[in-house]
Every structure is written in structure tokens, then in C-alpha cells.
Amino acid sequence: MKNFRKAVMVGCGFVGSASVFALMQAGLFEEIVLIDANREKAEGEAMDISHGIPFGRRQKIYAGDYDDVKDAGIVIVTAGANQQPGETRLDLVNKNVGIFKSIIPEIAKRGFDGILLIVANPVDVLTRVTQKLSGLPENHVFGSGTVLDSARLRYALSEHLSVDAKSIHAFIIGEHGDSEVVAWSSANVSGVPLSKFCEMRGHYDHEHSEQEIAANVKNSAYDIIERKRATYFGVAMAVRRICEVIVHNDKAILPVSTLMHGEHGIEDVVISMPCIVGSDGIETQVPIVLDDDELMKLQKSSDVLKALVDSLDL
């Protein structure tokens, strides 16, 4: 029986450890178990993070093994090779598919029936791999997708418009990677179409601004990796947000990696689209208005991912 007061983190690298730290601060769980191929690394991270518990809510954080997933409500998988400078997320695929072939069957063997959240890159591809390997219902297996990318977009628009990011409603969809698509045609600020709001704030060169912001958002991970070798704080906050939505059954709309069944002419490929997410995972995909150019880019993005998945030995 799944227990949504217990989470398991598989992978204790930068992203996994930062995510556990964010989850500890949120006080969402009574138990967080860390699993890593390097047991001592998991133990060290658990010890270090546990020392912050007196400043937050009472909880238990410890290193464990795959037997600990059986009754967990959420298992988060960040394990995998790190993205290197100059390397795309898709370049990681063969290395990380091999790693997932050793991880996911171990989880499945334990009868886990909770939510399996994939964070390792390339997240859309690995989510589809996990759906195939785990045997879980597809709505219980999804990826962090473009939750972080969309947050980066809202942050950039917030800086551009000098308005609170929480008032900005805009999504990046498609691949979490180089072919991601900004859904400009549906973006708004508290219900006001984005272009109209921009003009309210004195910005009129919409095409140039959109191109610049989209490029900056798409390249932000590369820019961070070039400077500090890895990204982990932003995605840790995205993991925290997704877990909050699941644990509290918020039924919030998040752009997570989900399997397409003909929506927008896309079939049998995992890409990021806005979905209602709660304690039963993905409840439904949310229709999003796209113009012809955005739809074409989305279909191209899905074609890239589908070809890659189809080439894998699963």
C-alpha cells in the first residue's frame, strides 16, 4: 500500500541531493530514503541533510536500498550520467538508458504501485523507457518535463515586464531540450494576452523580444553548465513543486512529460504538455491553443524524440 508520507530518491548526485534538501525544507514527507550505487555517498548526503531537520519539520532521512520502495508513495529517479559542457541532453540517451535498465526492473520487482517521477535526462526519452520497463499505468509514470523550462520562461518574462512571475501564465512544451517550443500564442499575464500586456509596459518589438527570451531560456542550462559544470538548484525546486502537487492532490496544471495519444496529431511519444496532476498522477492533458508555427515546431520536436526511442533496444 502506497504511503504518500514516504518518498524515495534514486540517485544522489547534484540533482538528487539538492532535490532531497528542497523536499526536507518543504516538510512534505515523514520519510525520505536515498538510494545510490555508491552507498557511502547516499549515507553521507542523508547525514548532511538530516542535520537541518531541527530547523524544519520532524522527519527521517536515511540511506536505503530498493526494498524501501515497496510502500513509498513517490519514487524519484535522478540517477544517470551528468550532462557535460557541449553535450546535449539527447547525447546522454545511450548511457542513461543502460543505467535505467538496471534501476527500473529493481523497482518493479518490489511491487511498487505509487508515482514514479523521472528527472534524469533526456527526461522525455527516459520517461518512455520507464513506462515500457516498469509495467505501471502510464499516468503513474511521468517526467519533470518542462516544469523548469516554463519557470525559466516566467522568470525571464517577469524581469522583462517588471511584474510578479506568479501572475504570468506561459508554457514551454515539447522536448525538454533543444527542440522545445514556447507556446507564445496562449501566454498571458493574469488573463491579459502577452502582447497586449507588453505594450502596456512599453514593449512593442514583440518578435525580437520573443526570439531573444526563447533563446536565453533554451540555452540557460548550457550557460550554467559552462560556468559551474552542472545545474541542480532550479530543477530541485521543480521536483519540490511536483511532489507538493502529488502529496496535496492539488490537481495543478504542470507541463510534465506525458504519453501522447493523437493530441495535436502526435502519437506514441512522450513530450511535455500541460496536464492536471494530483495524487493519482496525471489526470488528464489540458488542451492548449497553438498557432500553425507552434504546432509545426511541436510536431518536429516529437518526431525527434520518437525516432530516438524507436532506435533503442528495449
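The table below lists the values:
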| read-out | value |
| --- | --- |
| Number of positions in the stretch 136-157 that are within 27 Å of MET296 (Cα to Cα), crowded, with 19+ Cβ neighbours inside 10 Å and free of Cβ contacts under 8 Å to residues at least 60 places away in the same chain | 2 |
| Unique residue being among the charged types (D, E, K, R) and in contact with a His (Cβ under 8 Å, 6 or more places away or on another chain) when the list is ASP205, ASP149 | ASP149 |
| Condition met for MET273 (closer than 28 Å to LYS2 by Cβ, in contact with a Pro (Cβ under 8 Å, 6 or more places away or on another chain) and in contact (Cβ under 8 Å) with a residue 40 or more places away in the chain) | yes |
| Number of the condition not met by LEU133 [criteria: (1) in contact with a Lys or Arg (Cβ under 8 Å, 6 or more places away or on another chain); (2) in contact (Cβ under 8 Å) with a residue 60 or more places away in the chain; (3) not in a helix (DSSP H, G or I)] | (3) |
| Within the stretch 191-209, tally of residues that are small (Gly, Ala, Ser) and on the phi < 0 side of the Ramachandran plot | 2 |
| Residue that is free of Cβ contacts under 8 Å to residues at least 40 places away in the same chain and among the polar types (S, T, N, Q), where the choices are ASN96, ASN82 | ASN96 |
| Which numbered condition ASN38 misses (of (1) farther than 20 Å from ALA236 by Cβ; (2) touching a residue at least 12 places away in the same chain (Cβ under 8 Å)) | (1) |
| Qualifying residues in the stretch 158-197 (those that are crowded, with 17+ Cβ neighbours inside 10 Å and of a type in the set (Asp, Glu)) - the one nearest to MET260 (Cα to Cα) | GLU175 |
| Yes/no for GLY16 being at positive phi, in contact with a strand residue (DSSP E or B) (Cβ under 7 Å, 6 or more places away or on another chain) and not β-branched (Val, Ile, Thr) | no |
| Hey, LEU314 without any contact (Cβ under 8 Å) to a residue 60 or more places away in the chain and aliphatic (A, V, I, L, M) or not | no |
| Residue selected from the stretch 18-35 under the condition surrounded by fewer than 24 Cβ atoms within 10 Å (Cβ to Cβ) and not charged (D, E, K, R), by the criterion nearest to TYR232 (Cα to Cα) | ALA18 |
| Among the candidates ALA187, ALA170, ALA215, residue that is more than 18 Å from ILE253 (Cα to Cα) and among the small types (Gly, Ala, Ser) | ALA215 |
| Selection from the stretch 116-130 of residues that are of a type in the set (A, V, I, L, M) and in contact with a Lys or Arg (Cβ under 9 Å, 6 or more places away or on another chain) | VAL123, VAL125, VAL129 |
| Tally of residues being out of contact with any Ser or Thr (no Cβ under 8 Å at 6 or more places or on another chain), of a type outside the set (Asp, Glu) and within 15 Å of LEU295 (Cβ to Cβ) across the stretch 258-273 | 3 |
| Residue count, the stretch 211-230 (criterion: under 19 Å from SER195 (Cα atoms) and buried (at least 16 other Cβ atoms within 10 Å of the Cβ)) | 3 |
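Just so you know, all these numbers are worked out from the coordinates, no wet-lab data involved. If you're wondering where the values come from, they're calculated on a predicted model, not measured in any experiment. A quick note on method: Cβ atoms are made from the backbone with ideal geometry, for glycine too, and the neighbour counts reach across all protein chains shown.
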